[in-house]
Structures are given as structure tokens and as C-alpha cells.
Amino acid sequence: MKQRLIALAALAAVLLAVGCGAPAATPTPPVPAATATTEAAPTATTAPVPTATNEPTAEATATTKAESTPTPSDAGEPGEPGIDASVSTRNPFETIFAQAEAPEGWSVRPCEGNGPLLCMFDGSEHMGTIELFASHIETLPEFAGMLRDAGLEPGSIDYRDPAQAAQIREAFDAFIESNLETFEEDRQIRYRGSATFTRLPIEDIRIGDMPGVRYGFNVADESGKVVEKWPSHAAFDGNVLYILVPHYDEDSFFSFKSLEALEEFEPFVPALLEGLTLPLPVEQTEVKSVTTLARVPLFRFYGAGSNPVTEVPAGQTLTVTGRAPGEGPWRVECPDGDPYECWVSADPRLTQPGE
């Protein structure tokens, strides 16, 4: 189970990728709207979130929304062509990122496609990527245990409470220690004992509205040359763990072009992270309820990394408590009254807003 925790932490998501010889992937620069493609940005095969290639394309979504709303009797089931039952149909950086300073001549913008990726460019040359991993506490039993050990009960945590924020930080200390121990063991195997594993200093930071922590590691070869650098940045909103990872490792997915490129950009990372709109924003809506037109899965949050937890049958009315920006998924009251949030697709074939 420790390995599952590490994967969700996503310092690397490279153990299998490297072992299987997965090729490095480079997101393409955004293109003018007139020629924009709808291909999803590639996502590492071992990433602990739904891959971009599993999501419907923008064309499919547009086609679905253009069609008339069906009645429950003729609504299709999730999984049929053109039906979008997910709640993560766009790159979350399109919602949470506004702007950021960068080295002279560089630019920062969401990568093309719906993968949770933020791209850095020097002119038109892709220099690196920050990948966002989000995991609900229900999928993190070890981290949930660490929170309990710190005196917190998952499902009733408020990061805005200074006392609870201190307890979250205590849990992060245990999380980081477990995380780095496993990666150090792995790197000893990977480099057959010939490399030096060095932990990065642990620092308190801010990620959006949340207190967070920076941690990570370097790996140097026998000559002292740094061949890997993995600075990670984590925050917890009481329900969702967010980890943002820029890195250099030429054998991994989404690596910066070089160690020098990563280190040139690193001084700009703290302000970039603090400027993100996190936790994931929720907008008020005049819609009070939605009715399911087919069997609809419920998710814990919107965005990549949210897995369905249950399903609601057709014909059930759900109370709406908010909506994702950009006419995104609906936040609804959970049918079973559990302490976490529930989200459903806004695809008009699946949910119909009430009066």
C-alpha cells in the first residue's frame, strides 16, 4: 500500500514508465483558435489519474451539447458514443491558472488538450511542464491514517482553521518521510547503488488559498552530475490532496528540457503556485436541482483524478449546491448524506436542470 501512496503523490510516476521503456512525451505549443486541434495532451501511462486519452474530445462534447435534451425513455447510458458521463473534460489549468511571471522570453500557459498540464515555452520551444495530480482522501488510506494520527478526522477537516492547518502539516511530515524513503530505495535499485540520493529542503509554501509544503529529491551519478531533480508541492483542502510536480529526468514523461531549464524556472514557481485558484473553484448557480436522464455516476470532485464512487439511477432528482466554472459539472447533495461532496456531469443527455 505504500507504493500506492507514492504513486498518488506523483513525485515521478516514472517507476513503471522507465522500467517499461516508455518514451518521453512533449506537449505541443498552443495553436491559434482557428487551427486548434482537439487532441488531448499525452499523459504518463503510470499516472494515478484518468489519462487524457480516456476523455472525450472537445468535438464530441460540442456535438453532444448541440443536440436536443432527451427524455429518460430515450436517453443513452454512460459509455455510449457521444455521451459524456465524466466530470473532467478540460485541462484544469484552464480554470485555475490566470498568469505568471517567467524568465525573459518565456511564456506559461495551459497545455493543449485536457490533461492536467501547464506548459512553459521559450518562444515556441517547449521547455517544461508542471503536472497537477489531485486525489480524494477516500483513495488515500495511508494519508488518511496519518491525518488521524495528527488528531484529524477525514470528512470534517477545515484547512482554514489554524490549529487544523498545523495538524495537516504534521501529517505531511509523515507523508513526505514515507514518500522519500520509498523513492530512495527505488533509486538505489535503479542505479545499482552508484548514485547519490539527496533530499531537497522541506519548505512551507502556499498553493492558491491553502498552506502547502515543498519537498523532493535530487539524484547525482558517480561523477556528481545531477541526473534527476524532483521538486514537489503539496496542499490539502480537507478532501482533496493536490500535488504539483515540475521535474528534470530525461527518462521520464513531461521532463523539463534540461536541469538548467528547470532551475531557471524554479524561482518563479512559488508565485505561480500561490496565484492558482485552488481549491478547485465552485460557482453559485440559480439552478436548484437536476434530474438524471440515465444512470449517472457520482464523483467526489471535478477534474482529472476524480473517480466515480457510486451511480444514481435515471429519474432521480438531485439538489444542486454549485457548479464548476464554464458551465461545467454540477455539485449536488450526496444521496446518502455522506460528509463529502458529490458531482455529476452536466451533459444534457444525462442531467436536466430543474426550473
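Derivation of every value follows stated rules applied to the coordinates shown; laboratory data play no part. Source: prediction; values computed, not measured. All Cβ positions, even for glycine, are placed from backbone atoms using ideal geometry, and neighbour counts span all protein chains on display.
Brief remarks on what is shown
- Backbone N within the stretch 89-116 under 16 Å of label point (7 Å from Phe268 Cα along the Cβ vector): 97-111
- Kirkwood estimate for the stretch 154-214, i.e. one over the average of 1/r between Cα atoms, Å: 13.6
- Extension gain for Glu170 to Glu184 (0.36 nm times residue separation, less C-alpha to C-alpha distance): 2.9 nm.
- Debye log10 I(q)/I(0) at q = 0.12, 0.15, 0.23 Å⁻¹ for the stretch 75-170, Cα point scatterers: -0.68, -0.87, -1.05
- Backbone HN-Hα couplings from phi across the stretch 169-185 [Karplus 6.51/-1.76/1.60, Hz, Gly and Pro as x]: 4, 4, 5, 4, 4, 5, 4, 5, 4, 4, 4, 6, 4, 5, 5, 5, 4
- Computed from point charges on the beta carbon alone (+1 for Lys and Arg, -1 for Asp and Glu), the dipole magnitude for the stretch 78-202 about its Cα centre is near 200 Debye.
- Its Cα centre serving as origin, the stretch 137-192 has a Cβ charge dipole (Lys and Arg +1, Asp and Glu -1) of approximately 220 debye.
- Rh by Kirkwood over Cα pairs, then Stokes-Einstein D for the stretch 123-245 at 1.002 mPa s and 20 °C, µm²/s: 136
- Computed E for Glu101/Gln316 - FRET, C-beta separation, R0 56 angstrom, nearest 0.05: 0.75
- Glu177 paired with Arg192, simple spin-label distance in nm, labels 7 Å along Cα-to-beta-carbon: 3.4
- Here the peptides 319-329, 241-251 are ranked by packing, the mean other Cβ count within 10 Å, and the order with the highest first is 241-251, 319-329.
- Here the alpha carbons of the stretch 205-355 define both size measures, Rg and Dmax, at 20.3, 69 Å.
- Taking Cα centre as origin and charging only the Cβ of basic (Lys, Arg, +1) and acidic (Asp, Glu, -1) residues, the dipole magnitude of the stretch 303-355 rounds to 160 debye.
- The stretch 95-175: trypsin sites (Lys or Arg not before Pro) falling in loop per DSSP and having at most 12 other Cβ within 10 Å: Arg160
- Here the 3J(HN,Hα) profile of the stretch 251-263, calculated from phi with Karplus coefficients 6.51, -1.76 and 1.60 at θ = phi - 60°, is 8, 10, 6, 6, 5, 4, 4, 7, 4, 4, 5, 4, 5 Hz, Gly and Pro shown as x.
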